[in-house]
Structures are given as C-alpha cells and as structure tokens.
Amino acid sequence: MDEKDHNEVVEYHHHFQTWKDCLISRIEKPWCLLDPFWKWHPKFGAHNNAVAQMNSYAIRRLEDYKLKKQNPSELNPSVGSEDDVRVRCTLDDLVDAGVSDVEIVHEINTLIFGGHETSATTIHFFFFMMALHPEFQEICRKEIDQVFEDSLHSQHEDTLTFEALTNLKYVERCLLETMRLYPSGFAFMRYLKKSLNIDYKGKNVKVPAGTDIIIIPWVIHRSTQYYQNPELFDPDRFLPEQSAKRNSYSYLPFSAGPRNCIGQKFGMNEMKTVATYVLRNFEIGTTDKVEDVTLLPNITLTPERDYNFMFKRR
Ligand code: HEM
C-alpha cells in the first residue's frame, strides 16, 4: 500500500467513525430515526458528509476496477498480482450477477464496515487478554515459534504460510475465548417471519410473527447455563471435545444462520496473522485491569479508551 492509499484508508476510517457516532446519536433518541426529525439534528450535516465521502471512496474503487478491466497492463504494471486477482474476483462476481453500480457501492461499504472494525477491536481485546494472562501468552508464543521452525525448510524465515495458520490451534483458542468475553457484534436483530414458542422462566410463551427480536451474544456468552465461571478467561473451553458438549447456539461471535458473517474465516486468519507477528517479536504487558476501561455498546463493542500496553522486544 503506498502513501496515497494509506491516507485514503485513514480518511475512510475517520468518516466511518463520524457516521457511527451520528448513528449512535440517532439510536439514543429513536425519534431521530425518522427523517423529518433527524434533519433538524446538529449532526445531520456531518452524517451526510461522512456518507458522501465513504460512498465516493467506494465509487473510486469501482471505477479503478472498471479501468483495470479495460486495460489491465497500462493502468497498473503489477496487475495480475495476488491482490489484484482477489479484488477483481469479488467485483467480477457482483458484475456477472447483474448487480447495479449503486448496489455494488453498498456492497463495498458493507464489506469495509463489516470487515475492519470488528477484527481490529477483537485483536485489541486479544492483546489485552494476553497481557493479563502471561501464562497463556507464553503458550501462544511457543506455538508460534514452533510453527516458524517447522516451515523453515520450505519458506523464508519470516513468512507465515497459510498452512502454518491452520496449525496455530492454541492461538485460535485464545482468539475464540476473547470473542466469547468480548464479542464485537455484541447484539444483532432478526425479524420473525414465523411465530416462535419459547420457554421463558418455565412458561411457554408465543412470540408472534412480525416481531423484531434482539439476540445478545454478550449475555449468552456469559451465561452460567453454558459456561462454568463465565467471567474467567479459559482458552481450553474451545478444545474440540469441550465445544462439542455445548449447544451450538451458545457461541455466536459471528452470528448464525444464513445471514451470519461471510468474513469469519478471513477475519480469523487476519487476526491470527497479526497475533503471530506481534507475539513472535514482543512480550505484552499492561497497567490496566478489566474494570479500568468501560465498554460501550457503540454498534460494535468498543472500549471507552485504548488499553495501555507495554511492549518488550524479545
Ligand atoms: C472478528 C472479526 C469479525 C466479527 C466478530 C464479525 C461479526 C459479524 C456478525 C456478528 C455478523 C452478523 C450480524 C447480524 O447477524 O446482523 C457479521 C456479518 C457480516 N460480516 Fe462479519 N465479522 C468479522 C469479520 C468480518 C470480515 C473480515 C468481513 C469481510 C471481509 C466481514 C463481513 C461481514 C458481512 C458482509 C456481513 C453481513 C452478512 C449478511 O448480512 O449476509 N466480517 N459479522
């Protein structure tokens, strides 16, 4: 990524944060969800500007794609690199399916929204958990060193292969346990197409079709019904034999069903990669305790401030 791309991404993130802040203001005062009220809100202008800027970024990506498709080699001599192929494939699928430009812009925004803050916040929580639990951090580091040792014969010393990522079982368990305690998608909504009978405090209650329901993984993940000592960080809860004993809907960091997260595998690999390079090079400590930082329900679960970390080079 060159400097121009980097600046564009930073700018996009800034507009995303503004948009999120405006959305939270609307949710806090639900009448502002109605446009006639919202347009008098002091944040109305900032919101519209943020949306326009994010859309313009997505439109530029779509235009880049179209240009590259017309003339791949002239526009970018590195066309054909893995990055380009990946981007072209995603957009090719949408174009081939007859999706309109406006809809593609929405899809690009959805992918960026869904894809960046969730994994960034989760990795932030993960490092905090590692800092609070040096014993688990050390097990992760040993596993990481081992994975690099094993792939030394075939790969450059610092290259993490895709296969190596799949061998990082303990790191994966620590990430899964982090998402149990800190699910960035702490709540999501569903609309009931059919009525539903639920057991509520021993009574059978019928929830009628047409009801909007809210599912809160934060509560489910901390329920003693599914997890013993739920406040305790214990990666071994995700040993295959332990997971197999639990109700599969007792763990929902990526939601479930047909509208679950389409980026979960990518997200896991992305987080494992970041975790690997950081833990391979640094020992992490913190001056914070869990109770020092309030968590905010800001669309995604968001610490009120960044945790304080100490990084000691190995
Ligand atoms: C730690 C990382 C991630 C977490 C915790 C996460 C969580 C979630 C959750 C809970 C949902 C479902 C929301 C709902 O049911 O209403 C969701 C949907 C989605 N996620 Fe992720 N996500 C992550 C990473 C990613 C990445 C990396 C991408 C893309 C590259 C992505 C793209 C999406 C998209 C497009 C949807 C909407 C799917 C649909 O509505 O059909 N996510 N994610």
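The values are calculated or read from the model by the stated rules, or taken from the named source; none is laboratory data. What you see is a predicted model, and the numbers here were worked out from it, not measured in a lab. So basically every Cβ, Gly included, is an ideal-geometry build from the backbone, and we count neighbours across all protein chains shown. SASA here: full protein model, heavy atoms, side chains in, ligands and nucleic acids out. Shrake-Rupley method; radii C 1.70, N 1.55, O 1.52, S 1.80 Å.
If the requirement is being part of a loop (DSSP other than H, G, I, E, B) and of a type in the set (S, T, N, Q), which of these qualifies: S243, S223?
S223
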What are the residue pairs meeting all of these: first residue in the stretch 247-275, first residue among the basic types (K, R), second residue more than 6 Å from the ligand (Cβ to nearest atom), Cβ atoms under 6 Å, and 6 or more apart or on different chains? K272/L165; K272/L168; K272/V171
Being of a type in the set (A, V, I, L, M), closer than 27 Å to Q146 by Cβ and more than 7 Å from the ligand (Cβ to nearest atom) is the requirement here; does V290 meet it? no
Just to be sure I understand the filter: pairs with C-beta atoms under 6 Å, separated by 6 or more residues or on different chains, first member in the stretch 171-186 and assigned by TED's automatic domain parsing to the domain that holds L279 and among the polar types (S, T, N, Q), second member within 11 Å of the ligand (Cβ to nearest atom) and in a helix (DSSP H, G or I). Which pairs pass? T178/F125; T178/F126; S184/T118; S184/T121; S184/T122
Whether any residue in the stretch 143-165 is more than 23 Å from the chain's Cα centre (by Cα), surrounded by 14 or more Cβ atoms within 10 Å (Cβ to Cβ) and modelled with pLDDT of 95 or more is what I want to check. yes
Of residues in the stretch 181-218 being within 19 Å of V290 (Cα to Cα) and more than 11 Å from the ligand (Cβ to nearest atom), the one surrounded by the fewest Cβ atoms within 10 Å (Cβ to Cβ): W218
Examine the stretch 124-134 for a residue that is more than 16 Å from the ligand (Cβ to nearest atom) and either without any contact (Cβ under 8 Å) to a residue 24 or more places away in the chain or of a type in the set (V, I, T) (or both), and state whether such a residue exists. no
Y170 fails exactly one of (1) in a helix (DSSP H, G or I); (2) open to solvent by 70 Å² or more (accessible area, probe 1.4 Å), namely (2)
Let me spell it out: the conditions are (1) part of a loop (DSSP other than H, G, I, E, B); (2) within 15 Å of the ligand (Cβ to nearest atom), and K272 meets all of them except one. Which number is the exception? (1)
Output the residues belonging to the stretch 254-269 that are open to solvent by less than 50 Å² (accessible area, probe 1.4 Å) and in a helix (DSSP H, G or I). G267, M268, N269
